[in-house]
Amino acid sequence: METMIEWHPVVLSLKVAFTSIVFVFIFGMMAAYMMKTLHFPGKAAVEALFILPMVLPPVVTGFLLLLLIGKNGPVGKFLGDQFATQIIFTPYAAVLAGAVVAFPLMYQSAKAAFQSVDSKLEDAARTLGANEWRVFWTVTVPLSWPGLVAGLVLSFSRALGEFGATIMVAGNIPGKTQTLPLAIYFAAESNDLTRAGLYVLLISVMTFAMILWLNVWSKTRNRNTAGKELF
C-alpha cells in the first residue's frame, strides 16, 4: 500500500480534523450554552446562522469563506496589510473550512445535551454558592458528557471528510493542502482508481471505527448507569 498511495493527504487530513475539532468543541459548547441561558432579540436568527453551514452546499460555504479571507476580503486584506500574510491556500484555510462545516453538528449535539440536564440540579448548585462558571463545569458539563462526546465524534468525522469548502479556500496543492477527500477526487479524475479506492478504504475505516466506538461506549455507559441506579 505504501507504494501505491501518498501518505501526506492522510496525515494532513488528520491534523486538519484534530485542529478543527479543538475550536469546534470549545466554541460549539459556548454557543450552545449561550443559546440555552440567554434571551435576546434576534435569537432565532442567530441560531439559524449557527446551523446554516449544515444545510448549505459545502461549496457555497467555501465561496463565502473565500470572500471573507481572500486577498480582497476583509479578513484577508487585514492580514495582508497588517502582518504581510495570508491564510488562503494554506493548511490553515483547510482548518477553517473544516471547523465551519463541522460546527453545526457540535452545536446541535451540545444544545440537546445541555437541554436534557435537569435545571433543578443547576439551581441547587447555585443555592449552595456556586457561580455560573462553576455550575457549568461541575454540573452541566458532566451531566451532558455523552451528548458532548457524540458531537465531538460526529464533528471530527465531518471535518475529516470535508471537500467542497476546503477546495475553495485551500485548493489542491499536493504536499501542502491536498487532504484525503481531495486526493480521492483527483485520483479518480485521473483514472487512478486503485489509489482512489485505497484512500476511500482508509477514510471509511477511520470514520467507521469512530462511530463504532461511540456506539459501544454509549451502550456500555448506559448499562453501567442503569446498574448503579439499581443499587
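The values are calculated or read from the model by the stated rules, or taken from the named source; none is laboratory data. Since this is a predicted model, take the numbers as computed values, not measurements. Cβ atoms come from the backbone with ideal geometry, glycine included; neighbour counts cover every protein chain shown. Please note that ligands, DNA and RNA were not included when accessible areas were found on the heavy atoms of the full protein model with its side chains. Shrake-Rupley method; radii C 1.70, N 1.55, O 1.52, S 1.80 Å.
Annotations for the structure displayed:
- Restricting attention to region 8-225, lysine pairs at least eight places apart or on different chains and with alpha-carbon atoms under 28 angstrom apart total 14.
- Whole-number percent relative contact order across region 8-225, with pairs defined as alpha carbons under 8 Å at least 6 apart: 30 percent
- The chain, accessible surface, carbon-and-sulfur percent (1.4 angstrom probe): 69 percent
- In order along region 16-22, the phi-based Karplus estimate (6.51 cos²θ - 1.76 cosθ + 1.60, θ = phi - 60°) of 3J(HN,Hα) comes to 4, 5, 5, 5, 4, 5, 4 Hz; Gly and Pro are listed as x.
- Selected from A209, A165, A84 as most flexible by GNM, with the chain as the system and alpha-carbon contacts under 10 Å: A84
- Between region 1-68 and region 83-159, the Cα center-to-center distance that results, in Å: 12 Å
- Along region 80-92 the Karplus relation, 6.51 cos²θ - 1.76 cosθ + 1.60 evaluated at θ = phi - 60°, assigns HN-Hα couplings of x, 6, 8, 10, 6, 9, 9, 9, 5, 6, 10, x, 5 Hz to successive residues, with x for each Gly and Pro.
- Quarter of Cα convex hull surface for the chain, i.e. mean projection, nm²: 16.6 nm²
- Remark: region 101-113, residue by residue, has Karplus-estimated 3J(HN,Hα) of 6, 8, 3, x, 5, 5, 4, 5, 5, 5, 4, 5, 5 Hz, where x stands for each Gly or Pro and the curve is 6.51 cos²θ - 1.76 cosθ + 1.60 at θ = phi - 60°.
- For the chain, a Gaussian network of Cα nodes joined below 10 Å ranks Q86, Q108, Q178 by mean-square fluctuation, and the top entry is Q86.
- Extending 7 Å from Cα along the Cβ direction at L67 and again at K120 yields two label points whose distance is 5.0 nm.
- Cα-based Rg / Dmax (Å) for region 72-113: 14.3, 42
- The residues of region 8-225 present an accessible area of 53 Å² per residue when probed at 1.4 Å with all protein chains retained.
- Sites L128 and A188, calculated FRET efficiency, Cβ-Cβ separation with R0 45 Å, nearest 0.05: 0.15
- Approximating the spin labels as points 7 Å out from Cα along Cα→Cβ, the K36-to-V22 distance works out to 2.5 nm.
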